[in-house]
Amino acid sequence: MIVADFAFKYCLSIRFNMHHGKLLSILRSIFNCPTAPFHEYHVRDHLLELLADFPHVSVEQDGFGNLIALYRRGSGKARWAFGAHMDHPGWVKNPAGKDLPKGGLDARFPEMQFLGGVPASYLPTGEVKNFGEFAMWDLPAFEYDREEDRISGRVCDDLVGCAAIIALFYELEQRQVMGSCYGIFTRAEEVGFVGAVDLAKSGKFPQGACFVSLETSSPRGGVEMGKGPVVRVGDRMSVFDDEATAQLLAAAEASRLEVQRALLDGGACEATAMKLYGIRSAGISVLLGNYHNCDPSGKIDSEYVRLKDVKVMIDLIANLVQFAEVQQENEDGGESDRLKLEKRWKDYAPYVQATAGKFGDEGEK
Ligand SMILES: [Zn+2]
């Protein structure tokens, strides 16, 4: 899909290598915001504050409260829409008189219901911190272990994705990148992509852009934490756009970024939801420890990721935006891959000839 020349142009690119301290401060400030499904307002307000600092970013909101941010410098059309969700499994006040979808209930909080994918056996093992309309696990909001290169806290999924989009915009502004891309922040993913579905149905999703879910996910299929983010070929429910996935991998290869490739089918993500509404979708995941705060011993604990994996994800999406136009010029609808296969087909012609006698000839039958 991408000709060799494209790889060459990419090699000339500047590596972004975001300032370590700046990235930590973005992560810390977002991790400090409490959140739960349908109660994403603290995260959202803080994101709006951060987005207001970027001179080339405009923000639109849909009727549901999802945020659609656009970085634009120059006249190019945005090809990529990077998406992350602002919620995380947690306790929420049960709206009086409403029959809610089933969720974990706990005798300690008769008025609250647990929303999100956490096995019921884990729920009594965690201390809880109340935020009025909702409650979270009483775990540190943000911790950084330099030696282990590890970020941990009560929510990595998906505040890491939200922070990656803010870091992307920061980098694009710093480098004065001519280009354009969307950052999409959604609500209520953990209960079944409610925000994403609303956005897809609203018609507000940017036409022609490919949605790229930026997630945190459990390792699956041989991938390992610390070996780079995972270009996710699919999730538990579907496989993603072949061409977009190939472009992500080609961009990583050309920029010499260490990424992994896998079907992460431990859960489903918003790429599947968008896809079901006819939007081209792909996914990149940072591998996550203690998914949904469930540690291997059966107790509630902090989630964690490797900072290096987060940095490479930001590098990869920044390169995608910077070289979106080069990429478009060089897309050839699979022609270069086809040529590679045909070369091999010709190279092996003597072997075909040497064994032809063993297979007979259609015409002589
Ligand atoms: Zn998530």
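The values are calculated or read from the model by the stated rules, or taken from the named source; none is laboratory data. The structure presented is a predicted model; accordingly, all values stated were derived computationally and were not measured. Ideal geometry is used to build each Cβ from the backbone, glycine not excepted, and the neighbour counts take in all protein chains shown. Please note that ligands, DNA and RNA were not included when accessible areas were found on the heavy atoms of the full protein model with its side chains. Shrake-Rupley method; radii C 1.70, N 1.55, O 1.52, S 1.80 Å.
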remark   = Scanning segment 239-262 for residues that are farther than 16 Å from A209 by Cβ and of a type in the set (S, T, N, Q), the one least open to solvent (accessible area, probe 1.4 Å) turns out to be S255
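Scan segment 43-67 for residues that are among the β-branched types (V, I, T) and surrounded by 18 or more Cβ atoms within 10 Å (Cβ to Cβ) and report the count.
Number of matching residues: 2.
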key: Members of segment 263-291 that are open to solvent by 10 Å² or more (accessible area, probe 1.4 Å), of a type in the set (A, V, I, L, M) and away from the ligand (no atom under 14 Å from the Cβ)   = L263, L276, I279
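Checking the conditions here, which among R261, R280 is touching a strand residue (DSSP E or B) at 6+ places or on another chain (Cβ under 8 Å) and over 29 Å from V194 (Cβ atoms)? Full working, then the answer.
Values: R280 fails: over 29 Å from V194 (Cβ atoms).
Selected residue: R261, the only one of R261, R280 that is touching a strand residue (DSSP E or B) at 6+ places or on another chain (Cβ under 8 Å) and over 29 Å from V194 (Cβ atoms).
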inquiry  = Contact list please: Cβ distance under 6 Å, first residue in segment 194-211 and polar (S, T, N, Q), second residue surrounded by fewer than 20 Cβ atoms within 10 Å (Cβ to Cβ) and modelled with pLDDT under 95, pairs at least six apart or on different chains.
reply    = S202/D62
remark   = Every listed condition ((1) among the aliphatic types (A, V, I, L, M); (2) away from the ligand (no atom under 16 Å from the Cβ); (3) touching a residue at least 60 places away in the same chain (Cβ under 8 Å)) holds for A164 save (2)
note = Of the residues in segment 176-191 that are open to solvent by 40 Å² or more (accessible area, probe 1.4 Å) and farther than 22 Å from L48 by Cβ, the one that is nearest to the ligand (Cβ to nearest atom) is V191
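In this structure, does L214 turn out to be within 16 Å of V305 (Cβ to Cβ), in contact with a His (Cβ under 9 Å, 6 or more places away or on another chain) and within 16 Å of the ligand (Cβ to nearest atom)?
Details: within 16 Å of V305 (Cβ to Cβ): yes; in contact with a His (Cβ under 9 Å, 6 or more places away or on another chain): no; within 16 Å of the ligand (Cβ to nearest atom): yes.
No, not satisfied.
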request  = Report yes if L105 is more than 16 Å from the ligand (Cβ to nearest atom), modelled with pLDDT under 90 and surrounded by 14 or more Cβ atoms within 10 Å (Cβ to Cβ), otherwise no.
outcome  = yes
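Does A282 count as of a type in the set (A, V, I, L, M, F, W, C), free of Cβ contacts under 8 Å to residues at least 60 places away in the same chain, assigned to a strand (DSSP E or B) and at negative phi? Break it down into steps so the answer makes sense when it comes.
Numbers: of a type in the set (A, V, I, L, M, F, W, C): yes; free of Cβ contacts under 8 Å to residues at least 60 places away in the same chain: no; assigned to a strand (DSSP E or B): yes; at negative phi: yes.
So A282 does not fit the description; no.
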message = List the residue pairs whose Cβ atoms are under 6 Å apart, where the first residue sits in segment 47-62 and is within 25 Å of V194 (Cα to Cα), the second is β-branched (V, I, T), and the two are 6 or more positions apart or on different chains.
response = L50/I166; L51/V57; L51/V59; E60/I68
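Restricting attention to segment 265-274, does a residue exist that is charged (D, E, K, R) and part of a strand (DSSP E or B)?
Of the residues in segment 265-274, the ones charged (D, E, K, R) are 265, 270.
Of the ones still in play, those that are also part of a strand (DSSP E or B) are none.
No.
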ask   = For segment 170-189, how many residues meet the condition of being in contact with a Cys (Cβ under 9 Å, 6 or more places away or on another chain) and in a helix (DSSP H, G or I)?
value = 1
query = Of all the residues that make up segment 52-72, how many are over 19 Å from the mean Cα position of the chain (by Cα) and either within 20 Å of L214 (Cβ to Cβ) or modelled with pLDDT of 95 or more (or both)?
reply = 14
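Could you list all residues from segment 195-224 that are buried (at least 20 other Cβ atoms within 10 Å of the Cβ) and not small (G, A, S)? Give the derivation first.
Step one: filter segment 195-224 for residues buried (at least 20 other Cβ atoms within 10 Å of the Cβ), giving 195-196, 199-200, 205-206, 209-217, 223.
If the condition is that a residue be buried (at least 20 other Cβ atoms within 10 Å of the Cβ) and not small (G, A, S), then L199, F205, P206, C210, F211, V212, L214, E215, T216, V223 are the ones that fit.
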ask   = Considering segment 63-76 alone, what residues qualify as being in contact (Cβ under 8 Å) with a residue 12 or more places away in the chain and farther than 15 Å from P206 by Cβ?
value = G63, F64, G65, R73, G74
